[in-house]
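Right, one structure below, let's go through it.
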Amino acid sequence: MRARKNIGGLDALMLIPAVFIGLFFLFPVGTVVGRGLAGDGLDAVIDLARSQRQRDVLRFTFWQAVVSTVLTVVIALPAAATVAGLSSRARRVVRSIVTVPFVLPTVVVAGAFDELFLATGLDAGAVRLRHTVWAILIAHVFFNYAVVVRVVGTAWVGLDCRQAEAARVLGATRWQAWKEVTLPRLRPAIASASAIVFLFSFTSFGVVLILGGPRRATLETEIYRYAVSRTDLTTAAALAVVQLTTVLGLVAISTWLERRRPATTRVARRTRTLGSRAGRRVNGLVAIALLGGPLAVLVERSFSTGTGYDLSHYEALGTRVRQLPAPATTALWNSLQHAVMATAIALVIGVLASVVVVHGRSSLRRFFDLGLTLPLGTSAVTVGFGILIALDEPPIDFRTRWWIIPVAHALVGVPFVVRTMVPLLRSIDPSIREAAAVLGASPSRVRREIDLAIGARGALVGGGFAFAVSLGEFGATSFLPRRPDDLTAPVALFRLLSTPGDLLRGQAMALAVVLMVLVAVSVFVIESSRGTTEGAL
Amino acid sequence: MLRVDALTIRFGDVVAVDGVSLTLAAGERLAVLGPSGCGKSMLLRAIAGLEAGDGTVSLDGVNLTDKAPDQRPIGLMFQDHALFPHRTVEQNVAFGLRMAGNAPGERDQRVHELLALVGMEGFGDRATATLSGGEAQRAALARALAPGPNVLLLDEPLGSLDRHRRERLIEELPDVLRATGTAAIHVTHDHDEAFAIGDRLAVMHAGKVLQVGPPGEVWAAPASITVARVLGHTNEVTEGAATVVWRSDALRLDPAGPHEAMVERVHFRGVEHDVRLRTPAGQPLRFVLADPPAVGDNVRFSIEPERVIRFG
Amino acid sequence: MKKLFLSFVIVGLVAAACGDDNDDGDAIDFRGDPSGTTVRLVTHDSFSISDAVWEAFTAETGVTVELLSSGDAGEMVSQAILTKDAPVADVMFGIDNTFLQRGLDNDIFVPYESPNLDGVFDNLKLDDNNRVTPISFGDVCVNYWIDALPTGTAAPSTLEDLTDERFAGQFVVQSPETSSPGLAFLLATITGTDDWEQYWADLVANDVSVTAGWEDAYYGEFTAGGGERSIVVSYASSPPAEVIFADPPVDTAPTGVLLDSCFRQIEFAGVLAGTENAAGAAALIDFMLTNTYQEDVPLTMFVFPASQSATLPPEFVEHAEVAANPQIIDPAEIEANRDAWVDRWVEIVLS
């Protein structure tokens, strides 16, 4: 698609995401890396490159992220197909439920996996999954399944299925039709989802440490080790540079893939697909085994008391225990407020940025496309410490403002909105825009009536992610000072787990289950707000 | 011979195809005429294997009902062509051959033959997005014919064409089908197209096939008022207790005729004119006349009894 | 790497040496009436105190406390070092003796001698310049699940017992690289055994398991969470917590403590350099040593008060034990050797 000149008001709108990303990401990260590398920083980078250990770390980081991504895509793609074939309501339900793992702290999930491994004999005798690479890979698939199902599933719904049918009638088997016709047209969405999964796995921290065990090191755990355990900011910054460079390169490749051969979407009529019932069943089983297993363990634990099963852990959430500065219910309410705000920010910034990425001037396009995805692939330590030392002087001493938490969450949420919305915007048949223009719509009106209306589908799916990311306290916020009054549910959960005692643990599990339900319901509500667009698509 | 027996397709409470039975002889062309939403596209999709329903579909005695679309020697040309946007014209046409496992050399030759057959020589390397409506239509036809299906199903294949191309293709399509010896079911909502293309005509309404026969016979003797309406008969007149239809060629201008009407509109259509009248009672009538009266005239006329269609 | 590491240690040592010289120069005026002001207290995530205690503080002094929590103790100290030019708070609580020297070396505190310091156990006072004030302490000790020990085996009573093959595959520890109790236990073995390197080699031979953090050790591999191992590195105060938060209620703790294995973690408060409310900060530190505050500490954070005059709650007295001879290492020695010790530990245990 060629760049369009003369798109009124775009330059001014562009400022908002530019300031956001500049102030809350580029400036802080630049400051922390700059401070770390001041003086003999270059030597530190060279030392790293010479160190066999660090080369191994980089290789392992890369390798596990690639394998995690491939596994996730392979396992979740069939589910995305099934989701696309469901009725729009069922689709929203499934899409909401798969988001649940996003809000669960790794330590909780790891516990559930351990129990599951033990119960299913996967951690006894010859097979010992605990503290192996496989445990890391399985957990990454668990956490990222939703990314592929949601991003690709959404794009799939927009595809004209008659082309696949045409292939079938021309003698292609179901697999051939998928490979030859559907897959090439899903490529932008798959590229998008893969990029997100890759970045998540590339910067994964808790999964590597807890499920992989203390022997595994990735760039992310090394950055933490040097920055926090050793206060060696120079080495940490050098590692951060390596991480940023790698991520930048990969994001550039993925956006290039995403731009290539954009698939054109007409507003497609849904027709029933034949013989998907068996597939649906298989996908259902995979999802239940993968997501259902660990989640069921948590649910079971939340009801389990020393003497049987009841609701006592849930009832206890309303009263403050001594380990918490407020009752768990208050923490849930705080989390919900943060998540609503983070989602709103991510949507505003993400939607504006997506429009720029698709229609803006080419240099800016690239800048937004890369810049807005970077936070997803940047160490939480880098961003957290960056905010801490960069935004420390009035008038921008934002470190202890309550809103810096949702803002930091939104940093991770924005890439989701951009990465789900941009492929949809690119897929809009130019003739639809031209038709609107001919019917008398001004350029900004065309954007509102056509791009935003059609892109809303992606934006809301991205918004659902942003919500889940915030509710799960993803990213840099654990490295920011926060007020105990603003206690959030994941922090409360973590605290409940850090003192021995079955009562506290039971309450933590109940809190985890409430958090799961909260995110599923919220994402459902967010995605239901699309209104008219869903009817058309 | 293709045989469809008691085919029924339901979507929840909606019956899209309702107990349809049809036959199609080798090399025959059957036109299926019906208004939009009558279930004719669904009928084609079921024959192709894209929809599941009750009833059976068999070809030359082989039961196809449980076979997947790729297992049926049946081609389908979609209403909007459904060309693969990520492939060139040549790759589109070659697709079915590739699926059938033809050798590349053989494939290329066949693709060229087919492109030549539909008048698309030299278009092989074009991206499908750059084709005009007519070109896309031809490319889709070539693609559907390439694997050599015994039966080709055409779903409103001429729908998106301008009149000129459409008339050309109405003439060419039977030739192409004849040249390849392909039997075809051609679905359309346009009676002119149906009359021109079909050896036989099937009239469909609300999921049911109401009448099958040679186009001339069906036109002259529709089995019911519904069939008459689908065929484009508009002059419904009450005669005593019965409703009859005056064919559009039934009017004779006659100053002593029993009927009277005002001429509202006259459309020139070459040799004939399309004349719209309105009776003093307000009923609109429509006839074809070689020699039309002037607009605004009050005319008297009579009706040739053998051109009145009576039902039941 | 090695060069870098060495220079890091040297810089640390030099800074430590210089730090001592500079202290007296930083005179800050702690006098004045802080009433009506707000004092900001930054702590780690595990900090908790009853609302009534803060209400008492405000009633007594007229000062309002604004709390900030800042990750675990290590993260909090790292953050304080990064932000020392523009600190986020006036007072820090929760820096312990394993990280103390790092904070001191980086000059993040200003000296303040609280008048209430007299009532504090002398052996807890680790900084002669009073840049930090001891508030509470706890012992990191090996815990065992009494009923889950191998049948017919008496509970372990010395560190050496853990290398005995009757406890093979029973012990789980945390990595000192990522865990505060893990680091404390490593330090305990360094002074508590004749040859700590050999000791860890023996533990490895006895199939010791290592986790990244306390939660995945205690609730992942230890009996408490349904795990297969009956011995874990935890706290001396873990057994009372197991009683207080038991479900259903129990009279005796299901776990026991190996008192020979303990490392004493002392938690300090200090006035952060660059404070905007010195008088308020002083008032807060004074208050943290009063009985009102000190007596709330055991049941909110499961640690012992630093003040000799504080009365312990009965359920704490009954189930918590204080190690008679805990391992103690000078913070400066810890800071000077920590990275080398941890690196050596990684070589022995993880490689």
Exercise. Taking the stretch B:56-98 as the search range and keeping residues that are of a type in the set (Asp, Glu) and within 9 Å of another protein chain (Cβ to nearest Cβ), which one is nearest to the chain's Cα centre (by Cα)?
Worked result: B:ASP80
Exercise. If you check A:VAL241 against the conditions, is it in contact (Cβ under 8 Å) with a residue 40 or more places away in the chain, assigned to a helix (DSSP H, G or I), in contact with a helix residue (DSSP H, G or I) (Cβ under 8 Å, 6 or more places away or on another chain) and more than 12 Å from every other protein chain (Cβ to nearest Cβ)?
Worked result: yes
Exercise. Does A:SER478 meet the test of being within 14 Å of chain C (Cβ to nearest Cβ), assigned to a helix (DSSP H, G or I), polar (S, T, N, Q) and in contact (Cβ under 8 Å) with a residue 60 or more places away in the chain?
Worked result: yes
For this session: Only residues that are more than 9 Å from every other protein chain (Cβ to nearest Cβ) and more than 10 Å from the chain's Cα centre (by Cα): list them for the stretch C:88-99, please.
Result: C:ASP90, C:VAL91, C:MET92, C:PHE93
Exercise. If you check A:GLY212 against the conditions, is it at positive phi and crowded, with 24+ Cβ neighbours inside 10 Å?
Worked result: no
Exercise. Do you know which residues across the stretch B:285-312 are exposed (fewer than 13 other Cβ atoms within 10 Å of the Cβ) and closer than 19 Å to B:VAL237 by Cβ?
Worked result: B:ASN298, B:GLU304, B:PRO305, B:GLU306, B:ARG310, B:GLY312
For this session: Determine if the stretch B:82-89 includes at least one residue that is crowded, with 20+ Cβ neighbours inside 10 Å and in contact with a Gly (Cβ under 8 Å, 6 or more places away or on another chain).
Result: yes
For this session: Would you be able to say whether some residue in the stretch B:80-90 is in contact with a Leu (Cβ under 6 Å, 6 or more places away or on another chain) and at pLDDT 90 or above?
Result: no
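Yes/no per residue for (1) within 25 Å of A:PHE494 (Cβ to Cβ); (2) within 21 Å of the chain's Cα centre (by Cα):
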position: C:PHE167; (1), (2): no, no
position: C:PHE185; (1), (2): yes, yes
position: C:GLY192; (1), (2): no, yes
position: C:ASP195; (1), (2): no, no
position: C:ALA205; (1), (2): no, no
position: C:GLU215; (1), (2): yes, yes
Problem set entry | Those strands (runs of 3 or more DSSP E) lying entirely in the stretch C:165-276 with at least 2 residues facing chain A (nearest Cβ under 8 Å) and either surrounded by 24 or more Cβ atoms within 10 Å (Cβ to Cβ) or in contact with a Ser or Thr (Cβ under 7 Å, 6 or more places away or on another chain) (or both) | C:209-211
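Among what's in the stretch C:313-332 and is among the small types (Gly, Ala, Ser) and part of a loop (DSSP other than H, G, I, E, B), pick the residue that is surrounded by the most Cβ atoms within 10 Å (Cβ to Cβ).
Here the answer is C:ALA320.
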Problem set entry | When residues of the stretch C:295-312 are limited to those that are of a type in the set (Gly, Ala, Ser) and surrounded by fewer than 24 Cβ atoms within 10 Å (Cβ to Cβ), the one nearest to C:GLY138 (Cα to Cα) | C:ALA310
For this session: List the number of the failed condition for C:GLY62; all other conditions in (1) facing chain A (nearest Cβ under 10 Å); (2) on the phi > 0 side of the Ramachandran plot hold.
Result: (1)
For this session: Considering (1) free of Cβ contacts under 8 Å to residues at least 40 places away in the same chain; (2) more than 14 Å from every other protein chain (Cβ to nearest Cβ), say which one B:ASP18 fails and leave the rest.
Result: (1)
For this session: Considering each of B:GLY207, B:GLY198 in turn, give the residue that is buried (at least 19 other Cβ atoms within 10 Å of the Cβ), touching an Asp or Glu at 6+ places or on another chain (Cβ under 6 Å) and small (Gly, Ala, Ser).
Result: B:GLY207
Exercise. Within the stretch C:77-85, is even one residue surrounded by fewer than 22 Cβ atoms within 10 Å (Cβ to Cβ), over 23 Å from the mean Cα position of the chain (by Cα) and either within 13 Å of chain A (Cβ to nearest Cβ) or within 19 Å of C:GLU276 (Cα to Cα) (or both)?
Worked result: yes
Exercise. Exactly one of (1) away from every other protein chain (no Cβ under 14 Å); (2) modelled with pLDDT of 85 or more is unmet by A:ASP451. Its number?
Worked result: (2)
For this session: Output the residues belonging to the stretch A:481-512 that are touching a residue at least 60 places away in the same chain (Cβ under 8 Å), at the interface with chain C (Cβ under 9 Å from one of its Cβ atoms) and in a loop (DSSP other than H, G, I, E, B).
Result: A:PRO481, A:ARG483, A:LEU487, A:LEU497, A:SER498, A:THR499
Exercise. Quick one: would you say C:GLU335 is within 14 Å of another protein chain (Cβ to nearest Cβ) and either assigned to a helix (DSSP H, G or I) or surrounded by fewer than 16 Cβ atoms within 10 Å (Cβ to Cβ) (or both)?
Worked result: yes
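The values are calculated or read from the model by the stated rules, or taken from the named source; none is laboratory data. Just so you know, these numbers come straight off a predicted model, no measurement behind them. Every residue, glycine as well, gets a Cβ built from its backbone with ideal geometry; the counts of neighbours run over all protein chains shown.
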